[in-house]
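Trainee: Please find one structure pasted underneath; my questions will follow.
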Amino acid sequence: MMRWLIAFAVGISASATLIAQENSPTDLDFFEKRVRPVLVQRCFECHSTKTEKLKGGLLLDSREGIFAGGDSGPAAVNGDLEKSLIVQAIRYDGDTQMPPAGKLPEAEIALLTEWVRRGLPFPSASAVKSTRKQIDIAEGKKHWAFRPLQNGVIAPLSLVLRIENERQSKAIQSGADTPHSRAKGRIDSFVHATQYARGLSSSVEASRATLIRRVTFDLLGLPPTMDEMREFLADESPDAYDRLIERLLADPRFAERWARTWLDLARYCDIGESWRTGEGQPWLYRDWVVRAMNEDLPFHEFVRQQLATDLLPNQRPEDAAALGFLGLSPSYWKELKLDHNVIKQVVAEEWEERIEAIGGTFLGLTLACARCHDHKFDPITQQDYYGLAGVLASIKIDDVPIIRSDLARRAADARTQIKDAQGQLDKLLKEPKPADDATHEAKAKAAESAKQIEVLKTKIAELQTTPHLNTPVAFGVTEAAMHVLPDGPNRTKIEYKPSEPQNVAMQIRGNAANPGAVVSRRFVSVLSPNEPTTFTNGSGRLELANALVTDAAPLVARVIVNRIWAHHFGRGLVATPSNFGTQGEKPTHPELLDDLATRFIEHGWSLKWLHREITLSATYRQRSADGRYSKSSERSDLDRQPSAFGQQSSADPDNVWLARMPVRKLDVEAWRDAMLVATGEMDRRIRGEPQELSDNANTRRTIYGLVRRRELSDLLRLHDFPDPVSHSGSRMLTTTPLQQLFVLNSSFMQARAAAFARGVQAERPNDLAAQIAFAYERLFQRDPTNNERATGIEFLKASQADGLALDAAWKQYAQALLASNELQFVD
């Protein structure tokens, strides 16, 4: 019976596993950054079109050559690792062992194996050929993402938009209910015009019940309460929805929801590498992001503070936590018993990761692809890369105080003295006590030790009264250049030189032991109005931050506008949110993107303005295709759509042209938080230290759950949480068998089901129908259908007839409801 009920409630969804298309931007990025350098260093000497004597008739410098193979046959079989000769050869599994001089390091074997598993993504010969010439920066600036924002509408949309506006005016005058009469603002004009040009039209507005649930989840990451639902449905004033949006934007929980989306980009974690030193608390950065979102800190200031808040005037001491964007960067182990050139290579890997994070997060560009050579596809030069690398080479990951500097110095000095005194005290306490027949000298020494112990205890007690003694410090950066130096044969030492910034040399083919010309610290050429200006203010962090929000302001605005849009609609106007380069997707609505970006800047870079503008639009307020995760029999907005709607769905199955609102799966944070709200267990405290998500007693919002960089909890790992080792531009939400097993077997789900069952029975005792109605109110903010009510009663009574106690039956039923698609998806 339980198995049947779970299947009824959950409905095993088709797996959302997506097969990557050949040469996707992500795969090409993986190839250029990771695979090509290995092929160049290890393989091309014998297996490329440039080699003087081709070995084995095998070419590895094109995908076609790999599949064509050489004397031993095709080097790879698409999708089959075990049958791919290239994998066998590098593993030394068969007669052919490559390279013959010695087996590759395990990391490189894993890298090449992953490349084969992905289908050997490789740029086409024409694409590579076109990028081998010297980059033309002037020509590169013509790319749509690098152009200035367009003021007004540009052709060819202008004519269509004019027609759309005329149709809209006529529809409003006639009082007809059409897409044109439903338009709420500029967003809708652009969207409707684009639909009109393709023979499509937008869907009708969703019901008010659907809207409040949708927008509350979107803005707060939580469901509305039943009281909030009833109040909104009863409010018939024309501005009821507008006031709902204002209430949600002013709610402190808004920042908890949207801070988490930023933390994905910043590769945030609470526990990083074991070799990290210092007392910095990562959660202070998370809390700073939450506070900044609540205060609606202008986005350009949000950017500047994360890169250089310590260099800005009139900053609050607590804003130093913003430097966690850089301070929490992944670090790599530096074994000082190795040659200094090996350690230089490790440091270069750290620069690359940080440049990738800065470029992907703020600019939507794969800047790190220019480390070994000019970017293969975008107008980014190797000089651009090392101009930025010099900035990162001039800073040190370090603890930074979040209180006034004089107070911080006093507290730090007190902590040092306490540590020293405690060490002395521990040593004295371990000394053996003299025996009764000990010598006079031994007894005198023991007496002196006793006096010292008392002095040390008194000193420690006094020091512990120091103001702000235990105020935590944040992870951040300070101005100090790292120098990797030889320290004898096969040994290395690392020295930091405070306030002595350095320029770095280009590394030929990314090899730190093969330096080229030194490049001055500066910004990216294609984003600079003229020749990039050399950074001269310390490391250049502040100049870099300023360049991002001035010279690159159009691109930065486009990127963040696109990210916010993607979170609301499930897909960005640009489908590759961290790749606005030539290999990324082009915008589906370029004029809309530019219009929103322009007005976003005009409205003071306000993220809350952007959320308001999007959620008030008729485009956002449309109904979804069929309300598949809600109950159509008893909800007015889920009547069958006209046949024309089905035709539109077929014409635009991916909803690129926004003729309906997509049904979206909740991310793991919103799903877990919704369960805690439904069970009445949620701890609503804002900010503070993280707690283990594996602890079933942890009922705080998921944003406050402990995130380990190298070992995610089962909850996060199974539910598409991004890997915090690198920048993550978007999540790929899936439905997998392992997720269903988590729902059935995890102690977390069982604990929530038990709490939910107890609460429902306590609230509505001795009445199964009332209990089921209350359960649906708490979970879905609606009444159950007749069929749902009857099914629930049938299951509970049948379970009792089978000898199961009502409490146990309710727990099983609650677990099924908590696992239902309606709780995991939002219309």
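The values are calculated or read from the model by the stated rules, or taken from the named source; none is laboratory data. Because the structure is a prediction, the values reported are computed rather than measured. Using ideal geometry, Cβ is built from the backbone for each residue, glycine included, and neighbour counts are taken over all protein chains shown. Areas reflect the complete protein model, heavy atoms only, side chains present, ligands, DNA and RNA absent. Shrake-Rupley method; radii C 1.70, N 1.55, O 1.52, S 1.80 Å.
Trainee: Scanning for something under 30 Å from Gln815 (Cα atoms), in a loop (DSSP other than H, G, I, E, B) and either at pLDDT below 75 or open to solvent by 90 Å² or more (accessible area, probe 1.4 Å) (or both), does region 17-39 turn up at least one residue? Steps first, answer last, please.
Mentor: Residues of region 17-39 that are under 30 Å from Gln815 (Cα atoms), as a first pass: 17-18.
Those still in the list that are in a loop (DSSP other than H, G, I, E, B) too: 17-18.
Imposing the further condition that a residue be either at pLDDT below 75 or open to solvent by 90 Å² or more (accessible area, probe 1.4 Å) (or both) reduces the set to 17-18.
Yes, there is a match, as at least one residue in region 17-39 is under 30 Å from Gln815 (Cα atoms), in a loop (DSSP other than H, G, I, E, B) and either at pLDDT below 75 or open to solvent by 90 Å² or more (accessible area, probe 1.4 Å) (or both).
Trainee: Consider Glu462 carefully, then state whether it is open to solvent by 40 Å² or more (accessible area, probe 1.4 Å), in a helix (DSSP H, G or I), more than 30 Å from Asp136 (Cβ to Cβ) and of a type in the set (D, E, K, R). Explain how you work it out, then say what you get.
Mentor: Working: open to solvent by 40 Å² or more (accessible area, probe 1.4 Å): yes; in a helix (DSSP H, G or I): yes; more than 30 Å from Asp136 (Cβ to Cβ): yes; of a type in the set (D, E, K, R): yes.
Here the answer is yes, as Glu462 does meet what is asked.
Conditions tested, residue by residue: (1) modelled with pLDDT of 95 or more; (2) of a type in the set (D, E, K, R); (3) surrounded by 14 or more Cβ atoms within 10 Å (Cβ to Cβ); (4) within 30 Å of Trp657 (Cα to Cα).
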| residue | (1), (2), (3), (4) |
| --- | --- |
| Val484 | yes, no, yes, no |
| Ala512 | no, no, yes, no |
| Ala517 | no, no, no, no |
| Phe523 | yes, no, yes, no |
| Ser528 | yes, no, yes, no |
| Gly540 | yes, no, yes, no |
| Ala547 | yes, no, yes, no |
| Val556 | yes, no, yes, yes |
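Trainee: Can I ask one more? Need the failing condition index for Leu233 against (1) among the aliphatic types (A, V, I, L, M); (2) open to solvent by 60 Å² or more (accessible area, probe 1.4 Å); (3) in a loop (DSSP other than H, G, I, E, B), just the number.
Mentor: (3)
Trainee: Could you say which residue among Asp399, Asp413, Asp406 is among the acidic types (Asp, Glu), touching a Gly at 6+ places or on another chain (Cβ under 6 Å), within 30 Å of Lys497 (Cβ to Cβ) and open to solvent by 40 Å² or more (accessible area, probe 1.4 Å)? Talk me through it step by step, then tell me what you get.
Mentor: Working: Asp413 fails: touching a Gly at 6+ places or on another chain (Cβ under 6 Å); Asp406 fails: touching a Gly at 6+ places or on another chain (Cβ under 6 Å).
From the options Asp399, Asp413, Asp406, the qualifying one is Asp399.
Trainee: Also, quick follow-up: Could you list, ordered by first residue, the pairs with Cβ atoms under 6 Å in which the first is in region 440-454 and touching a residue at least 12 places away in the same chain (Cβ under 8 Å) and the second is surrounded by 11 or more Cβ atoms within 10 Å (Cβ to Cβ) and not in a helix (DSSP H, G or I), at least 6 apart or interchain?
Mentor: Ala446/Pro434; Ser449/Glu431
Trainee: Which condition breaks for Leu244 when tested against (1) touching a residue at least 40 places away in the same chain (Cβ under 8 Å); (2) of a type outside the set (Asp, Glu); (3) in a helix (DSSP H, G or I)?
Mentor: It fails just one condition, (1).
Trainee: Sticking with this structure for a sec: Considering only region 751-763, state which residues are surrounded by fewer than 18 Cβ atoms within 10 Å (Cβ to Cβ) and under 30 Å from the mean Cα position of the chain (by Cα).
Mentor: Ala751
Trainee: Out of the residues in region 653-700 that are among the aliphatic types (A, V, I, L, M), within 20 Å of the chain's Cα centre (by Cα) and in a loop (DSSP other than H, G, I, E, B), state the one that is farthest from Gln750 (Cα to Cα). Spell out how you get there, then give the answer.
Mentor: Within region 653-700, the first condition is being among the aliphatic types (A, V, I, L, M), and the residues that meet it are 656, 658-659, 661, 663, 666, 668, 670, 674-678, 682, 686, 693, 697.
With within 20 Å of the chain's Cα centre (by Cα) added as a condition, the list becomes 666, 668, 670, 693.
Within this subset, residues satisfying the condition of being in a loop (DSSP other than H, G, I, E, B) are 666, 693.
On the way: Leu666: 20, Leu693: 15 Å.
Only one residue fits best here, namely Leu666.
Trainee: Please return the ranges of helices (runs of 4 or more DSSP H) entirely within region 297-377 where 2 or more residues are out of contact with any Cys (no Cβ under 9 Å at 6 or more places or on another chain) and open to solvent by 10 Å² or more (accessible area, probe 1.4 Å). If you could, list the steps in order and put the result at the bottom.
Mentor: Details: elements: 299-308, 324-327, 340-358.
Hits in region 297-377: 299-308, 340-358.
Trainee: Okay, next question. So, in region 40-69, exactly how many residues are open to solvent by 20 Å² or more (accessible area, probe 1.4 Å) and not in a helix (DSSP H, G or I)? Show your work before the answer.
Mentor: Applying the first criterion (open to solvent by 20 Å² or more (accessible area, probe 1.4 Å)) to region 40-69 yields 40-47, 49-59, 61-64, 67-68.
This time we only want the ones that are not in a helix (DSSP H, G or I), so: 43-47, 49-59, 61-62.
Qualifying residue count for the region: 18.
Trainee: Determine whether Asp287 is open to solvent by 40 Å² or more (accessible area, probe 1.4 Å), part of a helix (DSSP H, G or I) and either in contact with a helix residue (DSSP H, G or I) (Cβ under 8 Å, 6 or more places away or on another chain) or more than 19 Å from Trp609 (Cβ to Cβ) (or both). Let's see the steps before the verdict.
Mentor: Values: open to solvent by 40 Å² or more (accessible area, probe 1.4 Å): no; part of a helix (DSSP H, G or I): yes; either in contact with a helix residue (DSSP H, G or I) (Cβ under 8 Å, 6 or more places away or on another chain) or more than 19 Å from Trp609 (Cβ to Cβ) (or both): yes.
Judged against the criteria, Asp287 is not a match.
Trainee: Somewhere in region 733-752, is a residue touching a residue at least 60 places away in the same chain (Cβ under 8 Å) and small (Gly, Ala, Ser)?
Mentor: no
Trainee: Collect the residues in region 190-218 that are over 22 Å from Pro653 (Cβ atoms), open to solvent by 10 Å² or more (accessible area, probe 1.4 Å) and either among the charged types (D, E, K, R) or over 31 Å from the mean Cα position of the chain (by Cα) (or both), keeping them in residue-number order.
Mentor: Within region 190-218, Glu205, Ser207, Arg208, Arg213 meet the criteria.
Trainee: Something else now. For region 702-720, which positions are open to solvent by less than 20 Å² (accessible area, probe 1.4 Å), outside any helix (DSSP H, G or I) and over 20 Å from Ala753 (Cβ atoms)?
Mentor: So in region 702-720, the residues open to solvent by less than 20 Å² (accessible area, probe 1.4 Å) come out as 702-705, 707, 709, 715-716, 719.
Filter again for outside any helix (DSSP H, G or I), leaving 705, 707, 709, 719.
Passing the criteria: Val707, Arg709.
Trainee: Further question: Can you tell me how many residues in region 463-499 are touching a residue at least 40 places away in the same chain (Cβ under 8 Å) and among the charged types (D, E, K, R)?
Mentor: 4
Trainee: Oh, and also: Residues being within 30 Å of the chain's Cα centre (by Cα), of a type outside the set (A, V, I, L, M) and not in a loop (DSSP other than H, G, I, E, B): count how many of those fall in region 510-561.
Mentor: Qualifying residue count for the region: 7.
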